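The values are calculated or read from the model by the stated rules, or taken from the named source; none is laboratory data. Keep in mind that this is a model prediction, so the values were computed, not measured. Cβ placement follows ideal geometry from the backbone for every residue including glycine, while neighbour counts extend to all protein chains displayed. All accessible areas refer to the heavy atoms of the entire protein, side chains included, with ligands and DNA or RNA removed. Shrake-Rupley method; radii C 1.70, N 1.55, O 1.52, S 1.80 Å.
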Number of protein chains: 2
Amino acid sequence: MEELTFRTAEERDCGLILSFIKALAAYEKMSDEVVATEELLRKWLFEKHSAEVLFACENGKEVGFALFFHNFSTFVGRAGLYLEDLYVLPEYRGKGYGKAILKRLAAIAVERGCGRMEWVCLDWNKPSMDFYRSLGARPMDEWTIWRVAGETLDQLAKE
Amino acid sequence: MEELTFRTAEERDCGLILSFIKALAAYEKMSDEVVATEELLRKWLFEKHSAEVLFACENGKEVGFALFFHNFSTFVGRAGLYLEDLYVLPEYRGKGYGKAILKRLAAIAVERGCGRMEWVCLDWNKPSMDFYRSLGARPMDEWTIWRVAGETLDQLAKE
């Protein structure tokens, strides 16, 4: 009998967190963008507390993970929960674990008084989009994310 | 001679912050979505510290504002700076204040060791997009934001 439980990641889990991050990046065809290291994760997650990590465990083994933090909506006037990463190991899919993780996160959001939960999805990822739609989520099609990074950010800061 | 300075918002500024939020919402044709109040801003900005507010001041008068918080990139392995709101009063536009605010935020991001700065823009807002592009920012066209809010969020949490 399979049992799904959740646990909050601790500092000793940085290697495991990084392995999930790399697995998700490979799925998204973005492996070359991963420059995160265990050391960086230790600093930003467990010293600066920039984000939180939740593991979904089947009979005690970590089979999925979610990394999230709080954003803020000026229109709503309160924080929201932003889901940066959601991933279930391929061999454990089709069991409803992705939905279970999202439901757990929704419960955390409501417990903390957040007005909404948000995440992004790649436009080619139709299976995920169908799944999100089935949960009542809606795409914010009218908005585009803009980014300044790396040297361009440094230059903007210095000019 | 006009002088632009910056100051960090304090708790006594909640009324002013709300007036900027409402002015931006009106510009975005989204006034009906603003449910924020001074009390909510006091709680989430100055008790829970969910976000920070920077005012741009011309000769001491607040003429623009930016509300921002930190997000987190798993690929980069560190926090980023996320700009939720940027607004300059219409009568003070065309003086480079928007760019000055973005440069100040970029400097804050770099000072704090952030790998990138991000924000969203409505797709019909061509003047803003041209402006962002001129600063070296790029649109993350392949990503769509998904959202669960209000009753749908409550239901997902309870099911």
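Key figures for this structure:
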{"read-out": "Selected residue (criterion: surrounded by the fewest Cβ atoms within 10 Å (Cβ to Cβ)) from residues of the stretch B:20-39 that are small (Gly, Ala, Ser) and within 23 Å of B:PRO127 (Cα to Cα)", "value": "B:ALA26"}
{"read-out": "Restricting the stretch A:108-159 to residues that are among the aliphatic types (A, V, I, L, M) and more than 7 Å from chain B (Cβ to nearest Cβ), the residue that is farthest from A:ALA51 (Cα to Cα)", "value": "A:MET129"}
{"read-out": "Selection status of A:MET117, touching a residue at least 12 places away in the same chain (Cβ under 8 Å), surrounded by 15 or more Cβ atoms within 10 Å (Cβ to Cβ) and not in a loop (DSSP other than H, G, I, E, B)", "value": "yes"}
{"read-out": "Scope the stretch B:99-114; condition in contact (Cβ under 8 Å) with a residue 12 or more places away in the chain and open to solvent by 20 Å² or more (accessible area, probe 1.4 Å); matching residues", "value": "B:LYS99, B:ALA100, B:ARG104, B:ARG112, B:GLY113"}
{"read-out": "Conditions (1) free of Cβ contacts under 8 Å to residues at least 24 places away in the same chain; (2) more than 21 Å from A:CYS57 (Cβ to Cβ); number of the one not met by A:GLU28", "value": "(1)"}
{"read-out": "B:SER31 vs. criteria small (Gly, Ala, Ser) and more than 25 Å from A:PHE69 (Cα to Cα)", "value": "yes"}
{"read-out": "Check on B:GLY60, crowded, with 19+ Cβ neighbours inside 10 Å, touching a residue at least 24 places away in the same chain (Cβ under 8 Å) and more than 10 Å from chain A (Cβ to nearest Cβ)", "value": "no"}
{"read-out": "Among (1) surrounded by fewer than 21 Cβ atoms within 10 Å (Cβ to Cβ); (2) among the small types (Gly, Ala, Ser); (3) at positive phi - the single one A:GLY77 does not satisfy", "value": "(1)"}
{"read-out": "Residues (more than 21 Å from A:MET140 (Cβ to Cβ) and β-branched (Val, Ile, Thr)) located in the stretch B:27-51", "value": "B:THR37"}
{"read-out": "Enumeration of residues in the stretch B:34-52 that are facing chain A (nearest Cβ under 7 Å), touching a helix residue (DSSP H, G or I) at 6+ places or on another chain (Cβ under 7 Å) and not in a loop (DSSP other than H, G, I, E, B)", "value": "B:LEU41"}
